[in-house]
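A.B. asks: Take this structure first; my questions come after.
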Amino acid sequence: MTATVYGTGTLHAVAVDEMPLPPNPVPGLMVSERERGFRADLTASREAVSSVRRLTRSMPASYGTDRSLAESAELVVSELVGNAVRASAPDADVPLVVEVYAALAGSPGIEVIVHDTVPGRPHRGEAALDSDEAESGRGLGILDALTDRWSVEPSTEPSFEKMIRCRVSRAE
């Protein structure tokens, strides 16, 4: 494995072998390759979250995963990260760890794991998925629609409260 570090002073991003990375260093984002996927340690910002979504969408090229599954996984990442940011204190730094892995050969799918510092389980909103007026409240319904299963577990990462683990093996 070959790693290239971008940025000065603070580690901003890591390029590993041929894994696609953000075109420029992104403050508050460190990406590392893992077997069949990647791990992103980030402080939530528009640029960092956008880069993680792009990496998730790139799974087909990097690991032979179906493109439509990668698009669904990108939506799952976006929803989970957005929920963690909204549940955090206003103007607070929101640390997150996002892990995305292609399933083993013969078992199509992508596993998404998001670790956050928000205590407790997510709450199911009352909004219908097809509501034109709702601004929130559809997150868990989106997970139900895009994933085969998802769970909330204590995080295995120090200083994080929980992790939400999702298995995406059907397209949107």
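A.B. asks: Subtract the Cα-Cα distance of residue 54 and residue 140 from 0.36 nm times their separation in residues, and report this length gain in nm to one decimal. Mind dumping the intermediate values first?
C.D. replies: On the way: separation 86, 0.36 × 86 = 30.96 nm, distance 2.21 nm.
Result: 28.7 nm gained on full extension.
A.B. asks: Using amide H atoms built in the peptide plane, which far-off residues or other-chain residues are under 5 Å from residue 117 H to H?
C.D. replies: 161
A.B. asks: OK, next. Return the long-range amide H neighbours of residue 147 (sequence gap of 5 or more, or a different chain), with a cut-off of under 5 Å between placed amide H atoms.
C.D. replies: none
A.B. asks: What list of ³J(HN,Hα) couplings, whole Hz, do you get for segment 49-62 from phi and the Karplus terms 6.51, -1.76, 1.60, once you set θ to phi - 60° and write x for glycine and proline?
C.D. replies: Per residue, the Karplus-derived 3J(HN,Hα) values read 5, 4, 5, 5, 4, 4, 4, 4, 5, 7, 3, x, 5, 7 Hz.
Values quoted throughout were computed directly from the atomic coordinates according to the rules given, and no laboratory measurement underlies them. Owing to the predicted nature of the structure, the values given are computational and were not obtained by experimental measurement.
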